[in-house]
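The values are calculated or read from the model by the stated rules, or taken from the named source; none is laboratory data. For clarity, every value in this text was computed on a predicted model and none was experimentally measured. All Cβ positions, glycine included, derive from the backbone under ideal geometry; neighbour counts span all protein chains shown. SASA here: full protein model, heavy atoms, side chains in, ligands and nucleic acids out. Shrake-Rupley method; radii C 1.70, N 1.55, O 1.52, S 1.80 Å.
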Amino acid sequence: MFLANLPLWLSAIFIVGVPTMLAMLGPLVIRRFVSLKNLSANNEVAGFKFATVGVTYAVLLAFAVFVVWEKFSDAESNVAREAGAAVNIYRLAQGIEGEPGPALSARLIAYLETAISEDWPAMERARVSPAVTRALDSLYAAALTYKPADQRGAAVFAEILRQLDLVTEARRARLVSASGAVPGVVWLVLFGGAVITVGFTFFFGTENLRAQTTMAGAVALLIFSGLLVIVAIDHPFRLRDYAFGIHRFAPGVGRVVR
């Protein structure tokens, strides 16, 4: 969705500010063409229909928020898991004697630095960085050069391979989460339902027109604020959300480099 590519403040203007202003103008426009008497005559029937539409849309909106929030939390966990596994590999590499130990540490640092510099920009566009894939392959190759000479070395080697598998699985999971959780047809239903729900408020007849425009604006503000939340966190690795990923991933790089 193109709105996800915009800065958060600009998305808020387009998703929340503009629709709210239009919603407050709606009752004024309708009142020009339909008299208060005709609108008031339908208040009772319109109230029941609005309750049905409102509840249906509220359930749909709440479900969408829940789904994207769960995916955002999963992405956060995957990044932390990947960083933690990288730290474990670095510590285990200290127990390898000879050339394989320093070589493994160097390849690990190269992978982590490439992941931050290449993977995050690629995930912003819902793509995969080939450079990071090659760095991960190189890390595996460095690990496989180690030939354990005793039982202790075999245990260290087995744990390194297990942690490497965790790094690979966590990276694959965050790449999947970068593509977004909401399909195009759901976006259509969400925004279409928002327009219908807010539009219903235009056809109530109240003597105080200012109060009606205020209520219509409040309903629009609440609904479109929920949509803004979905747009903002549907793609956890967009540019404006880099801080989320870096703050979870960089500590792993920092521990390894030190």
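Each row is one residue, and each column tells you yes or no for (1) buried (at least 20 other Cβ atoms within 10 Å of the Cβ); (2) part of a helix (DSSP H, G or I).
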residue: Trp187; (1), (2): no, yes
residue: Phe191; (1), (2): no, yes
residue: Ala194; (1), (2): yes, yes
residue: Thr206; (1), (2): no, no
residue: Ile223; (1), (2): yes, yes
residue: Ile230; (1), (2): yes, yes
(message) Suppose we filter Val55, Val45, Val59 for residues that are free of Cβ contacts under 8 Å to residues at least 60 places away in the same chain, closer than 30 Å to Phe237 by Cα, open to solvent by 80 Å² or more (accessible area, probe 1.4 Å) and more than 20 Å from the chain's Cα centre (by Cα); which single one remains?
(response) Val59
(request) Report, ordered by the first and then the second residue, all pairs with beta carbons closer than 9 Å, sequence separation of six or more or different chains, a first member in the stretch 81-110 that is without any contact (Cβ under 8 Å) to a residue 12 or more places away in the chain, and a second member that is open to solvent by 10 Å² or more (accessible area, probe 1.4 Å) and acidic (Asp, Glu). (result) none
(message) Quick test of your reading of the structure: Gly192 fulfils all but one of (1) closer than 23 Å to Ser105 by Cβ; (2) out of contact with any Phe, Trp or Tyr (no Cβ under 9 Å at 6 or more places or on another chain); (3) of a type outside the set (A, V, I, L, M, F, W, C). Name the failing condition by number.
(response) (1)
(request) With respect to Thr201, determine if the residue is open to solvent by less than 30 Å² (accessible area, probe 1.4 Å), closer than 17 Å to Lys37 by Cα, among the β-branched types (Val, Ile, Thr) and at pLDDT below 90. (result) yes
(request) Check Ala85, Ala51, Ala58, Ala46 and return the single one that is assigned to a helix (DSSP H, G or I) and closer than 30 Å to Pro148 by Cα. (result) Ala85
(message) Could you check the stretch 9-42 and list, in sequence order, the residues that are open to solvent by 80 Å² or more (accessible area, probe 1.4 Å) and not in a helix (DSSP H, G or I)?
(response) Asn42
(message) Residue under question is Asn42, and the condition is that it be modelled with pLDDT of 90 or more and touching a helix residue (DSSP H, G or I) at 6+ places or on another chain (Cβ under 8 Å); does it hold?
(response) no
(message) Quick check on Asp137: is it within 18 Å of Arg91 (Cα to Cα), assigned to a helix (DSSP H, G or I) and either open to solvent by 40 Å² or more (accessible area, probe 1.4 Å) or among the basic types (Lys, Arg) (or both)?
(response) no
(request) Give the residues of the stretch 98-115 that are open to solvent by 50 Å² or more (accessible area, probe 1.4 Å) and under 15 Å from Val79 (Cα atoms), sorted by residue number. (result) Glu113
